[in-house]
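Here's the structure we're looking at; comments come further down.
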Amino acid sequence: MEDKSKNDSNDSSIVADKVRSPYKKKIRRPTRRVHDGDFLAIDELSKYLHLSKMSIYRLIKTDPSFPSGFPIITGGKRSKRLWKKRDVSKWITSQINTSGSES
């Protein structure tokens, strides 16, 4: 009889191991994500346009067609702006079109 009870206890532990935990469910994520490549900080904008930061700031002040970006953090020395890469691409295309029509 002792052998039978040992086998029964082993069988119940096997069944307990096969039970799925309700905590291991997959978490669904939103389908549309903002990608890192969608927005450019000043450093990335500088690399993208192959211009210095100072030249970009000059463009912001002097060229009304240049995308001004939008502030993320405002206040004092710690302000930060981001530009939509799509807006910058459209600006480049418009510059190509206007310079092509002048020649």
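The values are calculated or read from the model by the stated rules, or taken from the named source; none is laboratory data. For clarity, every value in this text was computed on a predicted model and none was experimentally measured. All Cβ positions, glycine included, derive from the backbone under ideal geometry; neighbour counts span all protein chains shown.
Against the test of being surrounded by 10 or more Cβ atoms within 10 Å (Cβ to Cβ), outside any loop (DSSP other than H, G, I, E, B) and either at pLDDT 95 or above or of a type in the set (Ser, Thr, Tyr) (or both), the options Ser46, Ser68 yield a single qualifying residue, Ser46.
Within the span defined as the stretch 95-103, every residue fails to be within 24 Å of the chain's Cα centre (by Cα) and either outside any helix (DSSP H, G or I) or at pLDDT 95 or above (or both). For Leu82, the criteria (1) assigned to a helix (DSSP H, G or I); (2) at pLDDT 90 or above hold in every case but one, which is (1). Pairs meeting the criteria (first residue in the stretch 45-65 and touching a residue at least 24 places away in the same chain (Cβ under 8 Å), second residue part of a helix (DSSP H, G or I), beta carbons under 7 Å, at least 6 apart or on different chains) are Leu45/Ile56; Leu45/Val88; Tyr48/Val88; Leu49/Ile56; Ser65/Trp91; Ser65/Ser94.
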